[in-house]
Each structure stands twice: as C-alpha cells, then as structure tokens.
C-alpha cells in the first residue's frame, strides 16, 4: 500500500534488563498504572532479590515483602506466605539437556494482596489501569543463561493452603528469562493477563507432589539423591527403566512410559492468559508448533490401575491467546518429541 508505515514486529530487546518493560515497571508514566519490579538472585534481601513499587513514589519494599508487613509495621491478615522466594534446583528441565532450574518463585495472589494492603496503609487504592510487573534473574542485558543452572521465573502458590489462583487486577508480567506457570493460574474471577517471556512452560497442579524420592527409595539407587527435595521432575526416564529392569523384580514389567506415567504425571490444570513468548525453529521436520507453544514437562496421560494402555490424558485448559514474536535465546533447545524422556501431551482444551 502507498505511504503506509512499515509494520515492525516487537523486538525481544523490550524484555531485556534495563529496557522497555523494566523501565515501565519502574516508572509507568502515569499514576493509574501500578509498577512492580522483582530482580536479582541469592534469596530475598538487600543486594540479592530486591522488590520495588512505583506508587506513590519509587520505593524499595524488599524488607516489607520479606516480612509480609506494610509501612506501618502491621502484618497483613491471612496473607499467603512467603510472597517471593528463591528455590535452587527446583527441578530439572529435560528439554534443556536436563539442566537444573533455579527459580524466583512468585505468588502473584499473595503479592497483590500485600500490595493492596500497602497502598491502603498510605491512603491509596490500585491505580485502575492494571499492574505492570517486571522480574528477572539476569544480572544485565547481556546475560545468555547458557551455563550453570537455568535461571528462571516461576509463578506458583507458595502457600498451597491459603493461596488461590486469583488476581486482584489486570496484570502484565514480563521477564527475559524462561517462565514456568505451576498449577491453576488466573482461574478464579478471571482478569486480563499478559505473560511475556523468553520461553513459556506449564507445570500441572500435581507437579510439586511428584514422588520421585519415593521412586528412589524403591530402586535404592544413589542417583535418587539428585532428585529435588521439593518434588518436581527428574530427567532420563530411560535411566529409571533400566534400573527397574535390572535391579528390582517388583517393577520388572514396567516400561519407561509407565514409570513416567506413575511418578511424573500431569493433573488437570487451567491457565487463563495471553502468552507472548519465544519459540525454537531449528528442526528441519516438525518442531515447535502451536501444539507445544506452551512447553510441557510431565506425562499427562492417566494410566489408571497398573495396566496398559493408559486412559485418556489429563486436560489442560487454556483461555487466552498465543503470540509468537521472537525466537527464544535463553531456553533455546529443540523440541523434545512426545513419547521420549521429556513429556507426553495433555488433552488440549484451548480457546
């Protein structure tokens, strides 16, 4: 078309440290937007993982978040806790060559409940045009995240007894790291939500309950000590198949798939959000299509009793949109085909 401006796809640079989204969360430009930043590593504290809020003025609230108190020193009644924490070796990401994953765990329900109480203590309410959150474990904009543990962000209810999958306002959360959403998200009194990241992963409601350590007890192998104490996922299901086949008669009839099904099974989960994230396009055949735009890490089939074949897969409900704007540069390993050591797909109920 004549004299029409050229369309330019938004750049991944927008989510880098010190760039658009971090700047906007620090200084939204108008007082109707609430900005929050959560950046750093080493546990919640000064000079480590620090938290700022933009209203009424830019303020470091790390110590208040750590104690769950407002500026007056009052604790917030019924607040899920902790609000934010760090977990080293939370699990292993099998798609990323089994790299251990270090996470900043954010309970968005708890964070927003605390923030509303914080504002109320100052005689203020939410701005009304949504909450802008920027979070990162990257030290700077040049961080590649290609060595050591995979630095990531995880949205999870840290207090499973009091945290609920409910947000208090429309929310945008951006990170330059891989993002993992664990369990139901934004499924109660649903709000408009945008999640922007290098790569997007979904972990089911049962993810924290996976009993890898119990499996290790059965097989009596020292490798069991490498499994996360917090549950989650270990890689190399073929390894478990081998030690079961060679060392424990009770489990000799179990195939690799059945082991994966029983000990790393995904449960029905709901996620409501618009997802803006990266993809990987290195494979010459198949690859990262829409079917694995959210990356999976569990065996979603329901095996039922100790028998084969399994029953139908657990359901993953997603209401929102998928917007692929860039290629992943931090979590950039190729798609791990279903049926391997990485995952088996859920029943996709997406709309």
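The values are calculated or read from the model by the stated rules, or taken from the named source; none is laboratory data. None of the values given here were measured: they were computed from a predicted structure. In this analysis, Cβ positions are derived from the backbone assuming ideal geometry, glycine residues included, and neighbour counts consider all displayed protein chains.
Within the stretch 89-102, how many residues are surrounded by 14 or more Cβ atoms within 10 Å (Cβ to Cβ) and in a loop (DSSP other than H, G, I, E, B)? Selection size over the stretch 89-102: 4.
Take residue 53 and tell me if it is touching a helix residue (DSSP H, G or I) at 6+ places or on another chain (Cβ under 8 Å) and at pLDDT below 95. Spelling it out, it is not the case that residue 53 is touching a helix residue (DSSP H, G or I) at 6+ places or on another chain (Cβ under 8 Å) and at pLDDT below 95. Does residue 120 count as over 20 Å from residue 171 (Cα atoms) and surrounded by fewer than 19 Cβ atoms within 10 Å (Cβ to Cβ)? Here the answer is no, as residue 120 does not meet what is asked.
Among residues of the stretch 13-35 that are under 21 Å from residue 329 (Cβ atoms), those with a Cβ under 6 angstrom from a residue that is part of a loop (DSSP other than H, G, I, E, B) and at pLDDT 95 or above, sequence gap 6+ or separate chain, pair up as 13/19; 15/176; 16/141; 16/176; 17/138; 17/140; 17/141; 18/141. Every condition in (1) in contact with a strand residue (DSSP E or B) (Cβ under 9 Å, 6 or more places away or on another chain); (2) at pLDDT 95 or above is met by residue 91 except one, and the failing one is (2).
Quick check on residue 259: is it at pLDDT below 60 and surrounded by 16 or more Cβ atoms within 10 Å (Cβ to Cβ)? When the stated conditions are applied, residue 259 passes them.
Of all the numbered requirements in (1) in contact (Cβ under 8 Å) with a residue 24 or more places away in the chain; (2) in contact with a strand residue (DSSP E or B) (Cβ under 9 Å, 6 or more places away or on another chain); (3) more than 22 Å from residue 182 (Cβ to Cβ), residue 72 misses one, and that requirement is (2). When the stretch 60-88 is limited to residues that are outside any loop (DSSP other than H, G, I, E, B) and touching a helix residue (DSSP H, G or I) at 6+ places or on another chain (Cβ under 9 Å), the one that is surrounded by the most Cβ atoms within 10 Å (Cβ to Cβ) turns out to be 65. The residues of the stretch 40-53 that are outside any loop (DSSP other than H, G, I, E, B) and over 14 Å from residue 103 (Cβ atoms), listed by number, are 50, 51, 52, 53. Inspection of the stretch 29-37 identifies no residue that is touching a strand residue (DSSP E or B) at 6+ places or on another chain (Cβ under 8 Å), modelled with pLDDT of 95 or more and surrounded by fewer than 20 Cβ atoms within 10 Å (Cβ to Cβ).
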